[in-house]
Structure formats: structure tokens, C-alpha cells
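The values are calculated or read from the model by the stated rules, or taken from the named source; none is laboratory data. What you are looking at is a predicted structure, and each value in this text was computed from that prediction instead of being measured. So basically every Cβ, Gly included, is an ideal-geometry build from the backbone, and we count neighbours across all protein chains shown. Accessible surface areas use protein heavy atoms only, side chains included; no ligands, DNA or RNA. Shrake-Rupley method; radii C 1.70, N 1.55, O 1.52, S 1.80 Å.
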Amino acid sequence: MSQENQWEQFAQNFEARNNYVVGMTNIDLLKGELRAFSDPGRLLELGCGNGTYTQCFLDSASEIIATDISEEMVRITQERFQSALNVRVELADCFQLPYQDSAFDTVFMANVLHIIPNPEIALAEGFRVLKSGGRLIVASFTLHGMSLIHQMLMRYRYTKMYGKKSSTAIKLTPGLASDMVSAAGFHVETCRLIGHHVKAVYLVACKSADSHRIS
């Protein structure tokens with residue numbers, strides 16, 4: 001099954017499925033971190049799904065370009081934000097973005113980096129489209145740092161909703177996330193685990209004036 005089709009089939013109730021897998025309390029905690037992010041400016045979101053986390057930047061971003069590879073996800077998210085004047089939802093491949101260099105102040109990826117094949121390509125594209133001084137936000141739920149019983153429960157809920165995980169999926173840790181982002185040329189400003197029983201990696205990195213992409 002292609003990467004697009006893998007998620008296309010879940011588009012109609014994607015948010016409800018994720019609420020079940022992760023839990024509303026944990027999602028709200030992550031949303032709180034994202035809402036506290038200051039001055040995102042012109043923001044590009046990669047893998048927006050149905051807009052669960054897009055809404056966190058509605059009041060702070062001057063413009064949001066929310067993208068996904070799934071046509072059905074894009075359609076649903078367009079309907080969700082049809083009255084939001086600062087949101088545009090577009091079909092785009094994170095491995096080959098249709099945007100000019102240095103076009104955005106912020107690039108945001110929620111629950112993307114740990115599930116896609118070749119995440120280094122998506123990070124390179126994010127680096128390319130960011131302005132100097134622009135920031136990258138990565139947020140991904142992870143089994144890392146969770147107790148064995150809560151890992152087992154989350155695996156059960158995920159399998160019930162989505163089936164077996166993709167063979168390309170990785171367990172993202174703060175250390176791994178920092179290494180991946182640094183290798184793409186970013187300067188990591190913060191990277192930590194948040195959450196109680198369920199954990200998420202939260203990372204903010206900068207494309208500073210002396211940043212350079214490592215080939």
C-alpha cells in the first residue's frame with residue numbers, strides 16, 4: 001500500500017481514532033505547548049492530517065499553509081478551515097515541496113518524522129523552504145519513556161485503530177530527533193519529552209544565519 005493510501009482510508013474519522021489511541025488529555029497537553037509557541041509568522045505544516053494541530057496556530061500565525069499527501073485529508077481539512085482567512089490547505093509531498101527557497105518563517109511537523117520513510121529528505125526540504133532565522137517544530141507521540149504497561153496499552157489501541165505499524169516506523173527519542181535535525185543543518189533550541197503516562201517528543205530548532213545543510 002502506498003504512503004498516501006495508507007492514511008487515505010482513515011481520513012473520515014482520523015481525529016477520533018487518534019483521540020482513542022493517544023487520549024484527549026495527552027493531545028490537549030501537546031496542543032498547549034504548540035499554542036505557547038510565539039510568533040510563528042508564515043507557517044508551513046507538513047502532514048496536517050485533518051487539521052488537529054493546525055488549529056493551534058490560528059491565532060498566532062500570519063498565514064498557515066497546511067499540507068498533506070492524502071487528497072481526502074486535504075479535502076476534510078479544507079472544509080474544517082473554510083472560514084479561517086489565514087489558512088490555506090494544499091496537496092503536497094513533503095519529500096518534494098512545491099515552494100520556493102526561504103519562503104516560510106516556521107515549518108511544523110506533527111506525528112510525521114517517526115512514521116515516514118527517509119525522514120532526512122523531508123527535513124532537508126523543510127530546511128530549504130525556511131528563511132534564515134526560521135524555526136522548525138517537531139512534535140511526535142512516542143513509546144519512549146513510557147512504562148511497559150502503558151506501552152502495551154498504547155500498542156493495543158494503535159493496532160485496533162490502524163493495524164500493524166509500517167515497517168519504516170521508528171521509535172523517536174529526544175536524542176534521535178536532535179541528531180536527525182542537527183544532521184539536516186538545524187541548531188536545536190529545545191528537545192524534550194512531555195506528558196505523563198503517554199509521552200511526546202517536542203523539538204524546536206532554528207535555521208540560523210550560519211546553518212548549512214549537511215550532504
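List of remarks:
- Residue check for Ser38: of a type in the set (Ser, Thr, Tyr) and modelled with pLDDT under 95: yes
- Verdict on Phe104 being at negative phi and free of Cβ contacts under 8 Å to residues at least 60 places away in the same chain: no
- Scanning region 17-48 for residues that are open to solvent by 50 Å² or more (accessible area, probe 1.4 Å) and under 14 Å from Ile64 (Cβ atoms) gives Arg35, Asp39, Arg42.
- Flag if Asp105 is of a type in the set (D, E, K, R), modelled with pLDDT of 95 or more, surrounded by fewer than 24 Cβ atoms within 10 Å (Cβ to Cβ) and not in a loop (DSSP other than H, G, I, E, B): yes
- Checklist (1) touching a residue at least 60 places away in the same chain (Cβ under 8 Å); (2) touching a strand residue (DSSP E or B) at 6+ places or on another chain (Cβ under 6 Å); (3) under 13 Å from Met109 (Cα atoms) applied to Leu34, failing item: (2)
- Taking the listed residues Lys131, Lys171, Lys164, Lys207, the one that is at pLDDT 95 or above, among the basic types (Lys, Arg), open to solvent by 30 Å² or more (accessible area, probe 1.4 Å) and farther than 16 Å from Thr67 by Cα is Lys131, with no other qualifying.
Here's the yes/no breakdown for (1) under 19 Å from Pro98 (Cα atoms); (2) among the hydroxyl-bearing types (Ser, Thr, Tyr):
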position	(1), (2)
Glu33	no, no
Ser38	no, yes
Glu45	yes, no
Cys48	yes, no
Tyr53	no, yes
Asp59	no, no
Ser62	no, yes
Ile65	yes, no
Arg75	yes, no
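- Looking only at region 63-90, and only at residues there that are of a type in the set (Ser, Thr, Tyr) and without any contact (Cβ under 8 Å) to a residue 40 or more places away in the chain, the one that is surrounded by the most Cβ atoms within 10 Å (Cβ to Cβ): Thr77
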